[in-house]
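The values are calculated or read from the model by the stated rules, or taken from the named source; none is laboratory data. Quick caveat: nothing in here was measured; it's all calculated off a predicted structure. Here the Cβ positions follow ideal geometry from the backbone for every residue, glycine too, while neighbour counts run over all protein chains shown. Remember, those area values only see protein heavy atoms, side chains included, never the ligands or the DNA or RNA. Shrake-Rupley method; radii C 1.70, N 1.55, O 1.52, S 1.80 Å.
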Amino acid sequence: NQFGNENKAEVTQIGTSNISGSFQVGDDNSNTVLQSGTENWSLVDQNGTDNTVNVDQWGVNNISNLSQDGTGNEATITQARRDTSANSSNSNTSNATQDGVDNTLIVSQYGVGNHTADTSQSGEENFARIRQGGNGHDALITQGGNNNKIYSQQSGSLNQLTIDQDGNDNFSSEYTNG
């Protein structure tokens, strides 16, 4: 569903039983979804102006749920193996919310799968990059305020991460291998 002017939604699905939904309210919002494999699911909800979403999911049972409210927010969600071969990454979940102005989110989940990334950004000009490779990682990321930055990377198996930034000009960098 689209309400407003010059909104764009492009969906490409290769494989079987893939589902994608897009809801856009406002002007100049765009989202591009590519799903290859089986039983991948994507929902993009955009409300505002000039918000951008790119979702790439390769494999089986990957789920992406992204909501943007505001102006100039950007999100990229990738759930696949590095070689992006079909049916290679399984049961990854990314839930993300962006509320504000000019926030950037990059979530990359690779490897065997079974990763979960729950991310929430509110305020202005926040940046978060979450990378998870291997098997069974959980990341819970919350940013509120302005000009906050998070760089996170987890590899190995079964790591859990929680980062909560509130205020202005905070920085966090985390690497876990185990």
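Brief remarks follow.
- Residue match in segment 143-163 (condition: open to solvent by 70 Å² or more (accessible area, probe 1.4 Å) and more than 25 Å from residue 80 (Cα to Cα)): no
- Residue among 120, 172, 152 that is closer than 16 Å to residue 110 by Cβ and of a type in the set (Ser, Thr, Tyr): 152
- Against the numbered list (1) hydroxyl-bearing (Ser, Thr, Tyr); (2) in contact with a Phe, Trp or Tyr (Cβ under 6 Å, 6 or more places away or on another chain); (3) modelled with pLDDT of 95 or more, residue 84 comes up short only at (3).
- The condition of being at positive phi, open to solvent by 10 Å² or more (accessible area, probe 1.4 Å) and of a type outside the set (Val, Ile, Thr) holds for only one of 113, 123, 133, that being 123.
- Qualifying residues in segment 32-57 (those that are within 14 Å of the chain's Cα centre (by Cα) and surrounded by fewer than 24 Cβ atoms within 10 Å (Cβ to Cβ)) - the one farthest from residue 73 (Cα to Cα): 41
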